[in-house]
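To start, the structure itself, in structure tokens.
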Amino acid sequence: MLSAPAIASELQGVAFSQAAESGTYHCRNTDAATAMACAKLLCEANADNECVVTNYCWPAQYSAVVKFHGDDLQYDISLCGQASVAALLQSAKANCLAQRTPGDCFVIKLMDPAGDDLPPPAILWKARK
């Protein structure tokens, strides 16, 4: 049986990095700096613009990337650290409804606590301000 510190040391965090006009990239690791550096390098290898680490959660738990698509802009919102898919989707909905410009939000990537992809739900939220 593992002790609490042993279990905690095995939990991974997740880091997200993105660039303008590009996607969002992520990496998982037990070390925050390693996860962030990995996500930024992965972004830089795939993007034409400067990459910035936009979010980090430890433990990663359930994580998602939500796309916001408005009339004049679009961007990704990375969410993580939620205990369940239901909690993650509530957070995604709240983030969408809090946007200051009209647009649509939908989940483009959903991951379980092990980092495995789950099918994104067919949910669309409307941000109308």
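If Ala45 meets every condition in (1) surrounded by fewer than 16 Cβ atoms within 10 Å (Cβ to Cβ); (2) of a type in the set (A, V, I, L, M, F, W, C); (3) in contact with a helix residue (DSSP H, G or I) (Cβ under 6 Å, 6 or more places away or on another chain) apart from one, which number is that one?
Every listed condition holds for Ala45 apart from (3).
If Gly70 passes every condition in (1) at pLDDT below 95; (2) within 11 Å of the chain's Cα centre (by Cα) but one, which one does it miss?
With respect to (1) at pLDDT below 95; (2) within 11 Å of the chain's Cα centre (by Cα), Gly70 is out only on (2).
What is the number of the single condition among (1) loosely packed, with under 14 Cβ neighbours inside 10 Å; (2) more than 18 Å from Trp125 (Cα to Cα); (3) hydroxyl-bearing (Ser, Thr, Tyr) that Thr101 does not meet?
Every listed condition holds for Thr101 apart from (2).
I need a count of the residues in region 93-116 that are over 16 Å from Gly70 (Cα atoms) and touching a strand residue (DSSP E or B) at 6+ places or on another chain (Cβ under 6 Å).
5
Cβ-Cβ under 7 Å, sequence separation 6+ or interchain: first residue in region 70-88 and free of Cβ contacts under 8 Å to residues at least 40 places away in the same chain, partner basic (Lys, Arg). Which pairs?
Gln74/Lys67
What are the residue pairs meeting all of these: first residue in region 118-129, first residue within 15 Å of Asn95 (Cβ to Cβ), second residue of a type in the set (S, T, N, Q) and in a loop (DSSP other than H, G, I, E, B), Cβ atoms under 9 Å, and 6 or more apart or on different chains?
Ala127/Gln99; Ala127/Thr101; Lys129/Gln99; Lys129/Thr101
Looking only at region 14-29, which residues are assigned to a loop (DSSP other than H, G, I, E, B) and in contact with a Phe, Trp or Tyr (Cβ under 9 Å, 6 or more places away or on another chain)?
The answer is Ala20, and nothing else.
Looking only at region 86-122, how many residues end up being modelled with pLDDT under 95, assigned to a helix (DSSP H, G or I) and in contact with a Phe, Trp or Tyr (Cβ under 7 Å, 6 or more places away or on another chain)?
So the answer is 3.
The values are calculated or read from the model by the stated rules, or taken from the named source; none is laboratory data. As the structure is a computational prediction, the values presented were derived from the model and not from experiment. As a convention, Cβ positions derive from the backbone with ideal geometry for all residues, glycine included, and neighbour counts pool all protein chains shown.
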